[in-house]
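Have a look at the structure below, then the notes.
The values are calculated or read from the model by the stated rules, or taken from the named source; none is laboratory data. Everything numeric here is computed off the predicted structure, so don't read it as measured data. Here Cβ is always computed from backbone atoms with ideal geometry, including for glycine, and neighbour counts include all displayed protein chains. To get the accessible areas, we keep the full protein, side chains included, count just its heavy atoms, and leave off ligands, DNA and RNA. Shrake-Rupley method; radii C 1.70, N 1.55, O 1.52, S 1.80 Å.
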Amino acid sequence: MRVLISEDQIQARIRELGRQIDADYPEGPICLIAILKGACFFLADLARAVTRPARIDFMCTSSYGQGRTSSGEVKLTKDLDVSIEGADVVIVEDIVDSGVTLNYLIHLLRQRKPRTLCVAALLDKPARRIQPVELRYVGFQIPDEFVVGYGLDCAEQYRNLRDICVLHSYHEAPSFATKER
Ligand code: PRP
């Protein structure tokens with residue numbers, strides 16, 4: 001396993017993103033919506049990097065199933081707890097690969113009439129994009145390698161690594177590894 005982005009680099013970049021968000025929403029409050037499970041660490045750090053009043057909420061989707069690539073069909077497995085009508089909403093994602101998940105969520109959330117809606121993604125892997133998606137805040141653009149840590153998993157392992165790391169080969173991953181990343 002090789003460190004791609006260190007804990008210090010992640011935290012420094014998140015502080016910058018927090019300052020950008022503060023500058024963009026001078027009126028506050030904002031609503032940060034994290035997409036489980038991977039974005040939970042990013043949400044926790046980003047929410048504390050922002051000084052505006054911020055509400056947090058969670059959604060959970062599933063599109064990879066048992067396959068190694070997105071099925072292209074997203075299922076919502078957990079919805080928001082509260083209305084976002086009239087709110088300034090930032091969707092908080094750990095990684096954008098194909099763009100399928102975000103396109104589904106953006107379409108769904110727009111119907112709920114937020115005042116504004118945008119995306120903050122810690123990692124952007126443009127080489128794997130199938131559906132274009134506008135990312136307002138991006139932590140890092142990364143190459144097409146399988147990354148784990150800081151919320152990202154391989155068959156549910158490695159999420160609690162402090163750094164973002166590349167798994168050199170799938171042989172290092174558990175044999176029931178299910179998805180590309
Ligand atoms: C990951 C990631 C995004 C999605 C991105 O979630 O957190 O939600 O995949 O992929 P896409 O751009 O190809 O749609 P995943 O389904 O792996 O769930 P997890 O966060 O629980 O690991």
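Any idea which of Val138, Val82, Val96 is β-branched (Val, Ile, Thr), surrounded by fewer than 21 Cβ atoms within 10 Å (Cβ to Cβ), without any contact (Cβ under 8 Å) to a residue 40 or more places away in the chain and closer than 19 Å to Leu17 by Cβ? Working first, answer last.
Values: Val82 fails: closer than 19 Å to Leu17 by Cβ; Val96 fails: surrounded by fewer than 21 Cβ atoms within 10 Å (Cβ to Cβ).
Just one listed residue meets the conditions, Val138.
Quick grid of which residues meet (1) at pLDDT 95 or above; (2) within 12 Å of the ligand (Cβ to nearest atom); (3) surrounded by 15 or more Cβ atoms within 10 Å (Cβ to Cβ):
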residue	(1), (2), (3)
Ile35	yes, yes, yes
Phe42	yes, yes, yes
Ala47	yes, no, yes
Val50	yes, no, yes
Ala54	yes, no, yes
Cys60	yes, yes, no
Glu73	no, yes, no
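Within segment 108-120, can one find any residue that is within 15 Å of the ligand (Cβ to nearest atom), more than 16 Å from Lys37 (Cα to Cα) and either open to solvent by 50 Å² or more (accessible area, probe 1.4 Å) or modelled with pLDDT under 95 (or both)? Steps first, please.
Of segment 108-120, the ones within 15 Å of the ligand (Cβ to nearest atom) are 108-109, 119-120.
Keeping just the survivors that are more than 16 Å from Lys37 (Cα to Cα) gives 108-109, 119.
Those left that are additionally either open to solvent by 50 Å² or more (accessible area, probe 1.4 Å) or modelled with pLDDT under 95 (or both): none.
No, that holds for no residue.
Residues that are under 20 Å from Phe140 (Cα atoms) and in contact with a Phe, Trp or Tyr (Cβ under 7 Å, 6 or more places away or on another chain): does segment 98-111 have at least one?
No, every residue in segment 98-111 fails to be under 20 Å from Phe140 (Cα atoms) and in contact with a Phe, Trp or Tyr (Cβ under 7 Å, 6 or more places away or on another chain).
Report whether or not Gln20 is free of Cβ contacts under 8 Å to residues at least 40 places away in the same chain and either outside any strand (DSSP E or B) or over 14 Å from Tyr150 (Cα atoms) (or both). Spell out how you get there, then give the answer.
On the way: free of Cβ contacts under 8 Å to residues at least 40 places away in the same chain: no; either outside any strand (DSSP E or B) or over 14 Å from Tyr150 (Cα atoms) (or both): yes.
So Gln20 fails the test.
Given Leu76, Leu123, which one is in contact with a Phe, Trp or Tyr (Cβ under 9 Å, 6 or more places away or on another chain) and either under 23 Å from Tyr158 (Cα atoms) or in a loop (DSSP other than H, G, I, E, B) (or both)? So that I can check it myself, show each step before the final result.
Details: Leu76 fails: either under 23 Å from Tyr158 (Cα atoms) or in a loop (DSSP other than H, G, I, E, B) (or both).
That would be Leu123, the only listed residue that is in contact with a Phe, Trp or Tyr (Cβ under 9 Å, 6 or more places away or on another chain) and either under 23 Å from Tyr158 (Cα atoms) or in a loop (DSSP other than H, G, I, E, B) (or both).
For Leu105, are the conditions met, namely being within 16 Å of the ligand (Cβ to nearest atom), among the hydrophobic types (A, V, I, L, M, F, W, C), more than 29 Å from Gln11 (Cα to Cα) and in contact with a Leu (Cβ under 9 Å, 6 or more places away or on another chain)? Break it down stepwise before answering.
Numbers: within 16 Å of the ligand (Cβ to nearest atom): yes; among the hydrophobic types (A, V, I, L, M, F, W, C): yes; more than 29 Å from Gln11 (Cα to Cα): no; in contact with a Leu (Cβ under 9 Å, 6 or more places away or on another chain): yes.
Spelling it out, it is not the case that Leu105 is within 16 Å of the ligand (Cβ to nearest atom), among the hydrophobic types (A, V, I, L, M, F, W, C), more than 29 Å from Gln11 (Cα to Cα) and in contact with a Leu (Cβ under 9 Å, 6 or more places away or on another chain).
Looking only at residues that are in contact with a strand residue (DSSP E or B) (Cβ under 7 Å, 6 or more places away or on another chain) and within 22 Å of Lys37 (Cβ to Cβ) in segment 121-135, which one is surrounded by the most Cβ atoms within 10 Å (Cβ to Cβ)?
Restricting to residues being in contact with a strand residue (DSSP E or B) (Cβ under 7 Å, 6 or more places away or on another chain) and within 22 Å of Lys37 (Cβ to Cβ), the top hit is Leu122.
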